[in-house]
Structures are given as structure tokens and as C-alpha cells.
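J.: Let me give you the structure first, and then I'll get to my questions.
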Amino acid sequence: MKRLSVLPQQCLLLMTCLLMALEAVPIDIDKTKVKAEGQVEGEKVENPDTGLYYDEYLRQVIDVLETDKHFREKLQTADIEEIKSGKLSRELDLVSHHVRTRLDELKRQEVARLRMLIKAKMDSVQDTGIDHQALLKQFEHLNHQNPDTFEPKDLDMLIKAATSDLENYDKTRHEEFKKYEMMKEHERREYLKTLDEEKRKREESKFEEMKKKHGDHPKVHHPGSKDQLKEVWEEADGLDPNEFDPKTFFKLHDVNNDGFLDEQELEALFTKELEKVYDPKNEEDDMVEMEEERLRMREHVMNEVDINKDRLVTLEEFLRATEKKEFLEPDSWETLDQQQLFTEDELKEFENHISQQEDELRKKAEELQKQKEELQRQHDQLQAQKQELQQVVKQMEQKKLQQGNPPAGPGGELKIQPPGEHKAGDAPQHPAGGDQPLPPGHGQEAAVRTDQVHP
């Protein structure tokens, strides 16, 4: 399952502005100037994947824009209205020529990549006459009408697309995980259909036993609660639980010392809780479910703590959350095994969809098989015609040899010299004492008789 990660540290400032367009308060800290602990000057940080299909293009645009001093200064002071009105994008006209040239190049590369994807997709269905301009409309992160230059409109579109896609990621992830769980149940039921009654009962009994074993685990603390954080403080940090201090805890787990807890740093806090439920050595524990559990915990804490919805937790937001009643007296946390992830009706609809897909694939396979058989038939027919033609040519050559005619060439053509172009030594023989040609047919008959005379 593909996971969503926050953008790299050098990209967080711009992405913060992108996400602030949804009525958030801008962050006034320039994270591009903050170095992670132990990071060497000029060292290239490995960038995690955002999960967006235009991830590489987004990163490259951000990296290029951040090389322009003027744009970075405007970015640091930009407010929500400037972002909404497109004023920030208009600052693109003031960046250096080198930056604009590089952005133009990036856009041309991205358009070429999208066209290749479209062509590959259309070729797979044997379509012809592709209208790239029409198909490019489905990509909303760039202006397809101007494929050669990167304009302010391109930056506006990239901001809106990235903001929307990142916000909808968790919702899409939930749907994908539900499909994963339904597929597991569908395959289990299909397997049971192949067994006799006795084996089926044994499998059902084993399944229920594994479910019970998986559900038999210690209590899972509510993510982000005092009990959960104190457990990390004691077991992971090795500190006295009686001396728990939220501010110190925040600084300990702000791994890169940038003043924020990002999504990755938050997800790392839940490892102890997840180990209570999941063990990769156990057959009954699904590691895909463990990662989904981790992401749900992160999503829950972000919804509770991240006030300005910028996908980052500041120290102020963190300390404010520790003052809430939910921090001290949280509700119990329901793990995935305690939840009904789908209904029987949803499973039935899912299975019907799978059945339709299988029918379509089966029909397509049958059509391809028929095409293969037809091509094989045509091939066999051509081979038979070729052999028949070769046999006819062979018979003709044998007949010509018997008649004394020159043999045919490789393609069946007769090797006959044009009149008046006989080779030296091939001049026609005339009777002694005369220079008149032989009567028609006389020379051929004489040649035949000569062939029949033995020395």
C-alpha cells in the first residue's frame, strides 16, 4: 500500500503555503534555513514520495523556485489572501531569467511524459488518431494549452492540484484499504467453496481461532493521550514516567530540530502501541493492517492537534492539546480488529464488480484466442501456398531440363540470353561450306541426336 509522506524539508515552506489556502494561518518560520541535526552543509536530503502522480514535477518546480532569492522572500511574507488571489503566482514574472528557463524546461518534460503515458494507454486499446490536447485536459496540475512555457497560471494550477490531492489522500486511502479487506474475505470464501464439508469446517474453525488470537492483546492507549505519550517517554526514551514533561517530550521527538512534529515524526510515536497488536512472526497478524492502523492514529492526532491544518504540529499546538480533557481522560481506542470495515451488502457489490471484470477479461481473452487462431490459420494457408508454388516451379524446371531449355533462376525466371548477346564460344554453328542458318528446329533435333550418341 502506498503511503503518504510529507514533502522534504526544503519543500515544506512552499507546501505550507499551498495548504494554507484552505483557511489556515501562515507559518512565519523559514524552514529552508533550518538544518537537521548532523546535516552537512550542501548535503542532498533523500526526498520521500508524496504519493502524487506528478510528484517528481512538483518537487523540481519547488526546488527551482527556492533558488530565486526574490521569490523566497515573497513566499515568507505571503498571507492567505495573496495566495487565494493569485498574487503570489504573479511574482513569478519577477524571478530571474535562469529560473524561468529552467521552469519552462521542466514543463516541457512533464508534458512530454504525460503524452507518452497517454499514447501508451491508447495504444493498449489499439486506438488511433490520438488527440493529445484533448486528453491532456484530464491533468489539472498544468496548463496544457501552453505546453512550452511555465506561466503564473501553471503555478496556480499546481498549487490547487497539490492542495486538493493531498487533502483527499486519507479518504482515498480508506477506500483502498476497504477494498483490500474485502478482497481478502472474497478470496477466503472462494477458497472455502473448493473444499468438502469436513475440510471447510476445519478451515472455518482455524479462521475463528486466528481472529481470537489476534484480538487477544494488551490495551492500546489512545493515540496522543497522556498515557500513550508517557509510555513512549518511559519505554522508548528511558525516562522516569513521574517526570513527564510535554515540552521536553516535544523537543525529544522533533528529530530534525525544525520546531515541528511532521507526519513521519508523529507516526514514529505509535510503534509501541502497534507492537501490542501486531507481530510479523504471527500468521494471524497482517502487516498491511498494521500500517493502516499507524496511519489512522496519525490522522486522528492531526485532526485533534493540528489547529491550522498545515499538516505540521507546532510546540504551541502540542502544548495546547495537553491541556484538553481528552488528553488526560481519553476515550478507548478501537483497533481495526474491533471495527466493522465493510457490510455484507458492500462485499456483495464488490464481488459483483469483480465478477463483471472477470467476465470482461474472459471475453477479451476469448477474442484474443480467436484472433490468434485466425492468424495461425492464415499463416498455415500461406505456408501451404508457398510450398505449392515451390513444387510447381520445381516441376517446371525439371520439364525444361528434359526439353533442353536452360534452367530457371532462383525466382523461377528463365535464363535466356537476348538475341545477338551470345557469349564468346556460344556462336551458332552452321553447316560446313555454308553461312546460312539451319532450318527451324533442325539445330535442336541435331543437338538431341548428338546427345544420344555415345563415344
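The values are calculated or read from the model by the stated rules, or taken from the named source; none is laboratory data. Computed from a predicted structure; not experimentally measured. We place every Cβ from the backbone using ideal geometry, glycine too, and count neighbours over all the protein chains shown. All accessible areas refer to the heavy atoms of the entire protein, side chains included, with ligands and DNA or RNA removed. Shrake-Rupley method; radii C 1.70, N 1.55, O 1.52, S 1.80 Å.
J.: Regarding K281, is this residue free of Cβ contacts under 8 Å to residues at least 60 places away in the same chain, farther than 21 Å from H222 by Cβ and under 36 Å from the mean Cα position of the chain (by Cα)?
T.: Values: free of Cβ contacts under 8 Å to residues at least 60 places away in the same chain: yes; farther than 21 Å from H222 by Cβ: yes; under 36 Å from the mean Cα position of the chain (by Cα): yes.
Considered against the rule, which asks whether it is free of Cβ contacts under 8 Å to residues at least 60 places away in the same chain, farther than 21 Å from H222 by Cβ and under 36 Å from the mean Cα position of the chain (by Cα), K281 comes out as yes.
J.: Restricting to the range 320-344, what's the tally of residues that are of a type in the set (D, E) and surrounded by 16 or more Cβ atoms within 10 Å (Cβ to Cβ)? Break it down stepwise before answering.
T.: Going through the range 320-344, the residues of a type in the set (D, E) turn out to be 323, 326, 329, 331, 334, 337, 344.
Subsequent filtering for residues that are surrounded by 16 or more Cβ atoms within 10 Å (Cβ to Cβ) retains 337.
Summing the residues that are of a type in the set (D, E) and surrounded by 16 or more Cβ atoms within 10 Å (Cβ to Cβ) in the range 320-344 gives 1.
J.: Applying the selection to the range 140-168, what residues are under 22 Å from the mean Cα position of the chain (by Cα) and surrounded by fewer than 18 Cβ atoms within 10 Å (Cβ to Cβ)?
T.: Once the filter is applied, which keeps residues that are under 22 Å from the mean Cα position of the chain (by Cα) and surrounded by fewer than 18 Cβ atoms within 10 Å (Cβ to Cβ), the range 140-168 yields E140, K160, S164, E167, N168.
J.: In the range 234-268, what residues are under 19 Å from V301 (Cα atoms), open to solvent by 30 Å² or more (accessible area, probe 1.4 Å) and among the aliphatic types (A, V, I, L, M)?
T.: Once the filter is applied, which keeps residues that are under 19 Å from V301 (Cα atoms), open to solvent by 30 Å² or more (accessible area, probe 1.4 Å) and among the aliphatic types (A, V, I, L, M), the range 234-268 yields L252, V255, A268.
J.: Moving to a separate point now. Can K171 be described as in the same structural domain as V277 (by the TED database), modelled with pLDDT under 95 and not aromatic (F, W, Y)? Give the derivation first.
T.: Details: in the same structural domain as V277 (by the TED database): no; modelled with pLDDT under 95: yes; not aromatic (F, W, Y): yes.
Answer is no for this residue.
J.: So, in the range 279-319, exactly how many residues are closer than 18 Å to T335 by Cα, among the aliphatic types (A, V, I, L, M) and open to solvent by less than 20 Å² (accessible area, probe 1.4 Å)?
T.: 4
J.: If I go through the range 146-183 residue by residue, how many of them are part of a loop (DSSP other than H, G, I, E, B) and either hydroxyl-bearing (S, T, Y) or without any contact (Cβ under 8 Å) to a residue 12 or more places away in the chain (or both)?
T.: Taking the range 146-183 and keeping what is part of a loop (DSSP other than H, G, I, E, B), we get 146-151, 168.
When the remaining residues are screened for being either hydroxyl-bearing (S, T, Y) or without any contact (Cβ under 8 Å) to a residue 12 or more places away in the chain (or both), the result is 146, 149, 168.
Residues flagged as part of a loop (DSSP other than H, G, I, E, B) and either hydroxyl-bearing (S, T, Y) or without any contact (Cβ under 8 Å) to a residue 12 or more places away in the chain (or both) within the range 146-183 amount to 3.
J.: Would you pick out the residues in the range 219-238 that are closer than 21 Å to E323 by Cβ and not charged (D, E, K, R)?
T.: Within the range 219-238, H221, H222, P223, G224, S225, Q228, L229, V232, W233 qualify.
J.: Within the range 62-79, restricting attention to residues that are part of a helix (DSSP H, G or I) and open to solvent by less than 10 Å² (accessible area, probe 1.4 Å), which residue is modelled with the lowest pLDDT? Give the steps one after another, and end with the answer.
T.: Filtering the range 62-79 down to residues part of a helix (DSSP H, G or I) leaves 62-65, 69-77.
When the remaining residues are screened for being open to solvent by less than 10 Å² (accessible area, probe 1.4 Å), the result is 62, 65, 71, 75.
Values: I62: 85, L65: 89, F71: 85, L75: 75.
So, considering only residues that are part of a helix (DSSP H, G or I) and open to solvent by less than 10 Å² (accessible area, probe 1.4 Å), the one modelled with the lowest pLDDT is L75.
J.: Output the residue which, of all residues in the range 176-224 that are of a type in the set (A, V, I, L, M, F, W, C) and touching a helix residue (DSSP H, G or I) at 6+ places or on another chain (Cβ under 6 Å), is farthest from A268 (Cα to Cα). Don't jump to the end; show me each part of the working.
T.: The first filter runs over the range 176-224 and keeps only residues of a type in the set (A, V, I, L, M, F, W, C), leaving 177, 182-183, 192, 195, 207, 210, 220.
Next, from what is left, pick out any that are touching a helix residue (DSSP H, G or I) at 6+ places or on another chain (Cβ under 6 Å): 177, 182, 192, 220.
Values: F177: 21, M182: 28, L192: 39, V220: 15 Å.
The qualifying residue farthest from A268 (Cα to Cα) is L192.
J.: So if I check each of L341, L328, which one is at pLDDT below 90 and in contact with a helix residue (DSSP H, G or I) (Cβ under 6 Å, 6 or more places away or on another chain)? Before the answer, list the steps.
T.: On the way: L341 fails: at pLDDT below 90.
Exactly one of L341, L328 is at pLDDT below 90 and in contact with a helix residue (DSSP H, G or I) (Cβ under 6 Å, 6 or more places away or on another chain), namely L328.
J.: Could you tell me whether any residue of the range 203-224 is assigned to a helix (DSSP H, G or I), in the same structural domain as A321 (by the TED database), without any contact (Cβ under 8 Å) to a residue 24 or more places away in the chain and surrounded by 16 or more Cβ atoms within 10 Å (Cβ to Cβ)? Let's see the steps before the verdict.
T.: Going through the range 203-224, the residues assigned to a helix (DSSP H, G or I) turn out to be 203-215.
Subset that is in the same structural domain as A321 (by the TED database): 203-215.
Those still in the list that are without any contact (Cβ under 8 Å) to a residue 24 or more places away in the chain too: 203-209, 212.
With surrounded by 16 or more Cβ atoms within 10 Å (Cβ to Cβ) added as a condition, the list becomes none.
Taking every residue of the range 203-224 in turn, none turns out to be assigned to a helix (DSSP H, G or I), in the same structural domain as A321 (by the TED database), without any contact (Cβ under 8 Å) to a residue 24 or more places away in the chain and surrounded by 16 or more Cβ atoms within 10 Å (Cβ to Cβ).
J.: Now, a different point. Filter the range 171-212 down to the residues that are under 33 Å from the mean Cα position of the chain (by Cα) and of a type in the set (S, T, N, Q) and list them by number. Can you show your working first?
T.: At the first step, the residues of the range 171-212 found to be under 33 Å from the mean Cα position of the chain (by Cα) are 171-191.
The answer is T172, and nothing else.
J.: So which residues in the range 36-51 are surrounded by fewer than 18 Cβ atoms within 10 Å (Cβ to Cβ) and either modelled with pLDDT of 85 or more or under 26 Å from R173 (Cα atoms) (or both)? Break it down stepwise before answering.
T.: Quick first cut of the range 36-51, residues surrounded by fewer than 18 Cβ atoms within 10 Å (Cβ to Cβ) only: 36-49, 51.
Within the range 36-51, E46, N47, P48, D49, G51 qualify.
J.: Go through (1) more than 30 Å from E263 (Cβ to Cβ); (2) open to solvent by less than 50 Å² (accessible area, probe 1.4 Å); (3) within 26 Å of the chain's Cα centre (by Cα) for L347 and report which single condition fails.
T.: Among (1) more than 30 Å from E263 (Cβ to Cβ); (2) open to solvent by less than 50 Å² (accessible area, probe 1.4 Å); (3) within 26 Å of the chain's Cα centre (by Cα), the lone unmet condition for L347 is (3).
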